[in-house]
Amino acid sequence: MGVIADEAFDTTLEGLEVTGGGPGSVSCKLPVTKKLQNRYGTLHGGCIATLVDVVGSAALVTLSDKGGVSLAINTLYLNPMPGGGTVVVEAKLVKLGSGGTVVVEAKLVKLGRDVASIEVALRDDASGALVATGTHVKKLVGASDLSQFFRALEQQQQPDALKLVGSSLSSNQHTSSTMAFTMQRLNARVAAGRATPARAGRRLAVRVNAVGQKLEYLWYDGQEGTAAKGMMFNEMRSKTKCMMQPIESLNPADFPDWSYDGSSTGQAKGNNSDCIIKPVRVVPDPIRGAPHLMIMCEVLSPNGEPHPSNTRAQLAALINEKVEAEAPLFGFEQEYTMLNKGTGTVLGWPEGGYPAPQGPFYCGVGTNSVFGRPLAEAHMEACLAAGLTISGINAEVMPGQWEYQIGPVGPLALGDEVMISRWLLHRIGEDYGISCTFDPKPVKGDWNGTGAHTNYSTETMRNPGGMDAIMAAIEKLSKTHAEHISQYGTGNEQRLTGKHETCDINTFRFGVADRGSSIRIPLPVQLKGYGYLEDRRPAANVDPYTVARLLIKTTLL
């Protein structure tokens, strides 16, 4: 068939037959011959992964005029199907008799401008028991002739149809991206009350299906970064909802509201403690894999009105036609500091002492200059896999301090994505045994603080002649300095001292390429005469919804 290259690895899938397809979906069938089995007579785990790869790629080209490049496959095997006989420790594979048939279906669940996500699953056609599921996320590159693909499917010329898929894939160029793939071996579930898999002679079939979905509901309690909750550790909140019937959507309106005990989060009294969490943003779960999702929520009071801690609602109420016409964009530079679990000392610092003076650590490389890179990289990969607009990462001035950037995005997306990314940072830190803090000054003395510089622009600023709008915005910001500072993060006075690339907290000034100013105009912006400004005042623990609200309120309303 077309996706199989002669004399190459894919020849293991000879006999793969297209049985159906349409926009966003492809179904294939593959006889489980002896060469597809491992020594125990079970379907080889590598074959399962290859099926998800190949058939998932076929589903992609049914809707996209681009092909895709896969960069990494990460598999997780759980339990074999009962009646399979032998459990293999390395893969825990499904027992399939010689001559059985694997039926694979793939469905394109999300097609973006640059990335597509395809769900693939395999199940026992006779019993309905799920064998494996997978998610294939691909960077879109290249091109394919979709009209020929559909024409070949309609005429049941499956090899020709898959040749087009193979042609598209073979033309792809290696590109920087993330391919998150989770293969889950599940407990076999017998359909229609069957206790054991049914057999038809010596033939056994495996078909795609999906079961069970975990939804991680995330929210913030309004006390992050405050003395009430603790300056050093200010993690968000979350809990998991299980759905027996997966919701195949990323639209927040398709997911149910939920509630939690607000008296345990400082948001309600015990005699009326239920707070409502309402979904506002849904993204793929990069930790659990498909079909699981993470859901950013806003908090409502029992009467359905926004809770006082709901700063997202305050921002949304400010966005009118005038604001929308200016299409404000934000880029958020989230700094944070990694700490050793338990001791609270900065990661990489000598026990009971201090490292060398600041200088070699910023954007550094090597074991003597950079500490915590595995966590920073894992967090970046998770943000990419979740579809967040992460722009990059870098080691910061103080050793053990890092930064990642979210944006450019609109105001509500800014808050949603920063909050999700913060939750991911704390959650992945659990796996590495590293705590992360947004404290503006985690180490007193001659060390840089931790901020959240916010780049901001409007449509007028971004067009030729926009420097006038930038200067007008700076003039307005100078008159509301105290209001902004009062809401730009707790403990910010320890960071904004006039030293370590900051302006004194009681002073407002701007400058071109001046990192000691309150508002910086980047040199390229000055040279072009249009672009954006950088507000260097927000602390790392600032509420991103509040930053967006204040900048819009001051400069546009």
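The values are calculated or read from the model by the stated rules, or taken from the named source; none is laboratory data. The structure presented is a predicted model; accordingly, all values stated were derived computationally and were not measured. Every residue, glycine among them, receives a Cβ derived from its backbone with ideal geometry; neighbour counts consider all protein chains shown. Each accessible area value is taken on the protein alone, full model and side chains, heavy atoms only, with ligands, DNA and RNA left out. Shrake-Rupley method; radii C 1.70, N 1.55, O 1.52, S 1.80 Å.
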For the pair LYS35 and THR226, the simple spin-label estimate (label points 7 Å beyond Cα toward Cβ) gives in nm 6.6 nm
Could you work out the per residue convex hull volume over the alpha carbons of segment 236-287, in cubic angstrom? 108 Å³
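Peptides 302-309, 327-334: what's the order by average Cβ count within 10 Å, highest mean first?
327-334, 302-309
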Using a/c under 1.5 as the rounded threshold, could you call segment 509-557 rounded, prolate or oblate? The axes a ≥ b ≥ c are square roots of the C-alpha gyration tensor eigenvalues, and prolate needs a/b larger than b/c, oblate otherwise. oblate
Quick check: from the Cα gyration tensor, does segment 281-327 come out rounded (a/c under 1.5), prolate or oblate? oblate
Work out the FRET efficiency for GLU351 and ASN303 from their Cβ-Cβ distance, taking R0 = 51 Å, and round it to the nearest 0.05. 0.45
Label-point separation, ASN463 to ASN368 (7 Å along Cα→Cβ), nm: 5.4 nm
Once you treat every alpha carbon in segment 357-409 as an equal point and sum by Debye, what is log10 I(q)/I(0) at q = 0.15, 0.17, 0.19, 0.30 Å⁻¹? -0.43, -0.53, -0.63, -1.11
Taking only the Cα positions of segment 381-519, the convex hull volume per residue in Å³ is 133 Å³
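Suppose all protein chains stay in the model; what accessible area per residue would a 1.4 Å probe give for segment 409-537, in Å²?
39 Å²
Semi-axes, largest first, in whole Å: what does sqrt of 5 times each Cα gyration tensor eigenvalue give for segment 470-557?
After scaling each eigenvalue by five and taking roots: 20, 16, 11 Å.
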Return the long-range amide H neighbours of THR19 (sequence gap of 5 or more, or a different chain), with a cut-off of under 5 Å between placed amide H atoms. SER27, CYS28, LYS29
Just to be sure I understand: of the beta bridges DSSP finds with both ends in segment 428-538, what percent are antiparallel, rounded to 5? 60 percent
HN-Hα J couplings of segment 481-495 from phi, Karplus 6.51/-1.76/1.60, θ = phi - 60°, integer Hz, Gly and Pro as x? 4, 5, 4, 5, 4, 5, 10, 9, x, 7, x, 5, 5, 6, 9
Hand me the chymotrypsin sites (Phe, Trp or Tyr not before Pro) from segment 458-557 located in a DSSP loop with no more than 15 other Cβ atoms within 10 Å, in residue order please. none
Segment 233-391 - percent relative contact order, Cα under 8 Å, separation 6 or more: 14 percent
Residue by residue, what Karplus-based ³J(HN,Hα) values in Hz, rounded to whole numbers, does segment 425-431 have, using 6.51, -1.76 and 1.60 with θ = phi - 60° and x for Gly and Pro? 4, 5, 5, 5, x, 4, 5
Using a cut-off of under 11 Å, list every residue of segment 292-317 whose amide N is near the label point 7 Å from the Cα of ASP274 along the Cα-to-beta-carbon line. 302-304
Classify segment 260-349 from the C-alpha gyration tensor, please: rounded if a/c falls under 1.5, else prolate or oblate depending on whether a/b exceeds b/c. oblate
Taking 0.36 nm per residue of separation between GLU501 and ASP514 and subtracting their Cα-Cα distance, the length gained on full extension comes to 3.8 nm
